[in-house]
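Some notes on the structure that comes next.
The values are calculated or read from the model by the stated rules, or taken from the named source; none is laboratory data. Source: prediction; values computed, not measured. A quick note on method: Cβ atoms are made from the backbone with ideal geometry, for glycine too, and the neighbour counts reach across all protein chains shown. The protein model used for the area step is the full one, side chains on, heavy atoms only, and it has no ligands, DNA or RNA in it. Shrake-Rupley method; radii C 1.70, N 1.55, O 1.52, S 1.80 Å.
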Amino acid sequence: MSLLKTYQNQMNEAIDGIVQKVERLSEDTIRVKPSEEEWSIMEIICHVEEIIPYWVDELTRVVDAGGTAWGRGLQDEARLAAVAQAPARNVSDVIEGIKKAQVYANAQLGKLNDQDLELEAPHRNPKFGTKPMTFLVEHFITEHLANHGKQIDRNLSKL
């Protein structure tokens, strides 16, 4: 199995796990914040809905350009807006958005190959330096999604 296909499988497992967990929960549970500092499950899934196409588009943009600066910071407007809009969003719409983002991500990743993942490009945050696109996929897609699945579990353990 190709490395890219392995990453796709990991991404899909993480997304499917998040969706399956959330679909079983009540709206009250989804919307409660475990503490003032922590995100509600609703905020988490709004973020997940936004990050899937963002990071896939970032990957394909860098590959198409043959290498260019990539990434964003924690204060990125789209990232913050996705979380800020959570109270006004409908849970079923966000879940549907995640499912559509998953289909989109698989279509975009299907256009790439393992050689594309070897391309190195500088992250906009100097702390990350220049990294191969495998790093982008591992850190910002597969691990990121898996960590949000664990974050949902932590929230549920506090309720």
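Numbers below:
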{"item": "Size of electric dipole in region 7-111: Cβ of Lys, Arg +1 and of Asp, Glu -1, about Cα centre, debye, nearest 20", "result": "260 debye"}
{"item": "Accessible surface of Thr68 - all protein chains present, 1.4 Å probe, nearest 10 Å²", "result": "50 Å²"}
{"item": "Solvent-accessible ranking of Arg154, Arg79, largest area first, probe 1.4 Å", "result": "Arg154, Arg79"}
{"item": "Whether the chain is rounded, prolate or oblate, judged on the alpha carbon gyration tensor where a/c under 1.5 counts as rounded", "result": "prolate"}
{"item": "Mean accessible surface per residue for region 1-96, computed with a 1.4 Å probe while every protein chain stays in place, in Å²", "result": "49 Å²"}
{"item": "Too-long pairs where the Cα-Cα distance tops 29 Å, listed order kept, from Lys100/Lys150; Lys5/Lys99; Lys127/Lys150; Lys5/Lys100; Lys5/Lys33", "result": "Lys5/Lys33"}
{"item": "Phi-based couplings in Hz for region 106-122 (Karplus 6.51, -1.76, 1.60; Gly and Pro marked x)", "result": "5, 5, 5, 5, x, 8, 9, 9, 4, 5, 4, 6, 7, 4, 10, 8, x"}
{"item": "Cα gyration tensor, region 1-78 - rounded (a/c under 1.5), prolate or oblate", "result": "oblate"}
{"item": "Where Leu119, Leu136 fall by accessible area, highest first, once all protein chains stay in place (1.4 Å)", "result": "Leu119, Leu136"}
{"item": "Anisotropy class of region 62-118 from Cα gyration tensor, a/c 1.5 cut", "result": "oblate"}
{"item": "Carbon + sulfur, % of accessible area of the chain - ligands and nucleic acids excluded, 1.4 Å", "result": "50 percent"}
